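Novice: My questions all concern the structure below.
The values are calculated or read from the model by the stated rules, or taken from the named source; none is laboratory data. These numbers come from a predicted model, not from an experiment. Because the Cβ atoms are built from the backbone with ideal geometry, glycine has one as well, and the counts that use them run over all protein chains shown.
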């Protein structure tokens, strides 16, 4: 069975700092990888996803993530965070079975 | 257009009672998922429906949990004889179901916050 590990439970940054949230998964086959975000008081929504092709994917609001197959990783990055990026971020893995496995989430707090 | 809706938004019940949680997916979406999110934890997969195929129930934690999807649209998650450990946010998501089982974005509802006293 696949599993997803997010290394940081809570990250606190000042505005303009760079962000990298770690995500590692365990599954030997072909995967699709996602980052979802939940802003305070809002629904979970897709930030970006990797399906195939270029392992560097770009999402909304300046976020990007790089799929490194050899490391089973899909880390999320943003060069300069804003206060509005304060949210909870979830990494997820989907296999051919259809269901997704989510990590425990990382809460990002950006200080203005 | 309308997104995924769930009802009720909050539910408080007494231990031992049964509860029903409802999910209305985005119109035309054939795939529907239920997750549970306990305090401070990630999303725990419960069940997955895809069209007319048999649902994937592998995430249901016990036989007190069941779900059905009528007419390929609305889904109901039922928890019988609720326990305090069932307290959590129950999230429903749907996806188009047109690109096979891989790579589809899931669209989430607002969740139902269940509290079992």
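Novice: Report, by residue number, each residue of the stretch A:96-112 that is crowded, with 20+ Cβ neighbours inside 10 Å, within 14 Å of another protein chain (Cβ to nearest Cβ) and in a strand (DSSP E or B).
Specialist: If the condition is that a residue be crowded, with 20+ Cβ neighbours inside 10 Å, within 14 Å of another protein chain (Cβ to nearest Cβ) and in a strand (DSSP E or B), then A:100, A:101, A:102, A:106 are the ones that fit.
Novice: Might you let me know whether the stretch B:13-23 holds any residue that is in contact (Cβ under 8 Å) with a residue 60 or more places away in the chain, buried (at least 17 other Cβ atoms within 10 Å of the Cβ) and within 14 Å of chain A (Cβ to nearest Cβ)?
Specialist: Yes, because at least one residue in the stretch B:13-23 is in contact (Cβ under 8 Å) with a residue 60 or more places away in the chain, buried (at least 17 other Cβ atoms within 10 Å of the Cβ) and within 14 Å of chain A (Cβ to nearest Cβ).
Novice: Can I ask one more? Take the stretch A:69-95 and flag every residue that is in a strand (DSSP E or B) and either exposed (fewer than 12 other Cβ atoms within 10 Å of the Cβ) or within 14 Å of chain B (Cβ to nearest Cβ) (or both).
Specialist: Result: A:74, A:87, A:88, A:89, A:90, A:91, A:92, A:93, A:94.
Novice: From the list B:70, B:82, B:30, exactly one residue is in contact (Cβ under 8 Å) with a residue 60 or more places away in the chain and more than 26 Å from residue A:33 (Cα to Cα). Which is it? Give the derivation first.
Specialist: On the way: B:70 fails: in contact (Cβ under 8 Å) with a residue 60 or more places away in the chain; B:30 fails: more than 26 Å from residue A:33 (Cα to Cα).
Unique residue meeting the criteria: B:82.
Novice: If you don't mind, another one. One residue is enough: does the stretch B:83-101 have a residue meeting the conditions at the interface with chain A (Cβ under 8 Å from one of its Cβ atoms), outside any strand (DSSP E or B), surrounded by 13 or more Cβ atoms within 10 Å (Cβ to Cβ) and at pLDDT below 90?
Specialist: Yes, the stretch B:83-101 contains at least one residue that is at the interface with chain A (Cβ under 8 Å from one of its Cβ atoms), outside any strand (DSSP E or B), surrounded by 13 or more Cβ atoms within 10 Å (Cβ to Cβ) and at pLDDT below 90.
Novice: Let me ask something additional. Do any strands (runs of 3 or more DSSP E) entirely within the stretch B:5-80 hold 3 or more residues that are under 14 Å from residue B:92 (Cβ atoms), and if so, which?
Specialist: Answer list for the stretch B:5-80: B:5-7, B:19-24, B:31-37, B:43-50, B:65-69, B:75-79.
Novice: I'd like the full set of residues that are facing chain B (nearest Cβ under 9 Å) and outside any loop (DSSP other than H, G, I, E, B), limited to the stretch A:1-24.
Specialist: A:4
Novice: Which residues, counting only those in the stretch A:25-55, are within 22 Å of residue A:88 (Cα to Cα), within 11 Å of chain B (Cβ to nearest Cβ) and not in a strand (DSSP E or B)?
Specialist: A:41, A:42, A:43 - these are the residues of the stretch A:25-55 that are within 22 Å of residue A:88 (Cα to Cα), within 11 Å of chain B (Cβ to nearest Cβ) and not in a strand (DSSP E or B).
Novice: Follow-up question, since we're still on this one. Looking at (1) touching a residue at least 12 places away in the same chain (Cβ under 8 Å); (2) away from every other protein chain (no Cβ under 14 Å), can you tell me which one residue A:66 breaks?
Specialist: The one condition residue A:66 does not meet is (1).
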